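Heads up: the structure comes next, in structure tokens.
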Amino acid sequence: QQQVKQSPQSLIVQKGGISIINCAYENTAFDYFPWYQQFPGKGPALLIAIRPDVSEKKEGRFTISFNKSAKQFSLHIMDSQPGDSATYFCAASIPAGANSKLTFGKGITLSVRP
Amino acid sequence: NAGVTQTPKFQVLKTGQSMTLQCAQDMNHNSMYWYRQDPGMGLRLIYYSASEGTTDKGEVPNGYNVSRLNKREFSLRLESAAPSQTSVYFCASSPPRTVNTGELFFGEGSRLTVL
């Protein structure tokens, strides 16, 4: 059973538009929800993250919205730029002793057209 | 500061051959991970090591073995490679939750093709 589900599978947006990627999770024990960005030929890198006691977090053009009751969270990219074209993974973290264990969504490829 | 370093970056194997992917981190992190990335499947955890001397299976461990050589190094071994193991492999590390809640630092990946 996939614990973190992303949608859509791919997304094409015009430059200057808003990109919206959604994620849903199953396990209420998750306590940290990061988004990772991956450019071709590179490893994923943390983009922005949120804890479940906050409904929204904004960093520059990137915003996470979190709906605890619906067990959903989404990434909004405002004023999308061609340089934002990448693969985006949502993830959810659960405590594992003194460490954390992350479960990733399947990823979505974003293409921003000039 | 190199972060997480993986070697080799590319490798072609024939079915049945063995090989080891090497990973080293210089951030003094306790936890290290091996993931594989396949189209449409996302990142799937193969094995992880919460600390030096311990390893645990992840979601897709079959066909792989790991060694946590010391705090810095975590290797992934394919004993008898199969075409289904053609993938991009990522090593990652993370500090304990007291430092942050689960951020992973990834290497640049090792692309493996099994013919």
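The values are calculated or read from the model by the stated rules, or taken from the named source; none is laboratory data. This structure is a prediction, so every number in the text was calculated from the model and none was measured. We place every Cβ from the backbone using ideal geometry, glycine too, and count neighbours over all the protein chains shown. Remember, those area values only see protein heavy atoms, side chains included, never the ligands or the DNA or RNA. Shrake-Rupley method; radii C 1.70, N 1.55, O 1.52, S 1.80 Å.
List, in the order given, every pair from B:Lys14/B:Lys71; A:Lys101/B:Lys14; A:Lys101/B:Lys71; A:Lys71/A:Lys106; A:Lys42/B:Lys57; A:Lys101/B:Lys57 whose Cα-Cα distance in the structure shown is over 22 Å. From B:Lys14/B:Lys71; A:Lys101/B:Lys14; A:Lys101/B:Lys71; A:Lys71/A:Lys106; A:Lys42/B:Lys57; A:Lys101/B:Lys57, over 22 Å: B:Lys14/B:Lys71; A:Lys101/B:Lys14; A:Lys42/B:Lys57.
In loop segments of the stretch B:9-115 as defined by DSSP, the trypsin sites (Lys or Arg not before Pro) with at most 10 further C-beta atoms inside 10 Å of their C-beta are B:Lys14.
Accessible area of A:Ile48 (1.4 Å probe, protein heavy atoms only, ligands and nucleic acids ignored): about 0 Å².
Annotation: B:Glu108 carries an accessible surface of approximately 90 Å², with a 1.4 Å probe and no ligand, DNA or RNA atoms counted.
A simple spin-label model places the labels of A:Asn22 and B:Ala2 4.4 nm from each other, with each point 7 Å out along Cα-to-Cβ.
Each label was represented as a point 7 Å from its Cα along the Cα-to-Cβ direction; for A:Ser7 and A:Ser65 these points are 1.5 nm apart. Per-residue SASA remark: B:Phe10, around 150 Å² accessible (1.4 Å probe; ligands, DNA and RNA not included).
Between the C-alpha center of the stretch A:48-80 and that of the stretch B:50-81 there is a gap of 34 Å.
With both labels modelled 7 Å from their Cα along Cα-to-Cβ, the A:Leu46 to B:Asn62 distance reads 3.4 nm. The Cα atoms of the protein assembly as shown define a convex hull whose projected area, averaged across directions, is 12.5 nm². A Förster radius of 30 Å, combined with the Cβ-Cβ distance separating A:Phe39 from B:Ser18, puts the computed FRET efficiency at roughly 0.45.
Highest mobility in the GNM of chain A, judged by mean-square fluctuation with C-alpha springs under 10 Å and restricted to A:Asn27, A:Asn67, A:Asn99, is found for A:Asn99. Once the Cβ-Cβ distance of B:Thr54 and A:His76 is raised to the sixth power relative to R0 = 35 Å, the FRET efficiency obtained is 0.35.
For the options B:Ser18, B:Ser67, B:Ser94, a Gaussian network treatment of chain B with springs between C-alpha atoms closer than 10 Å singles out B:Ser18 as fluctuating the most.
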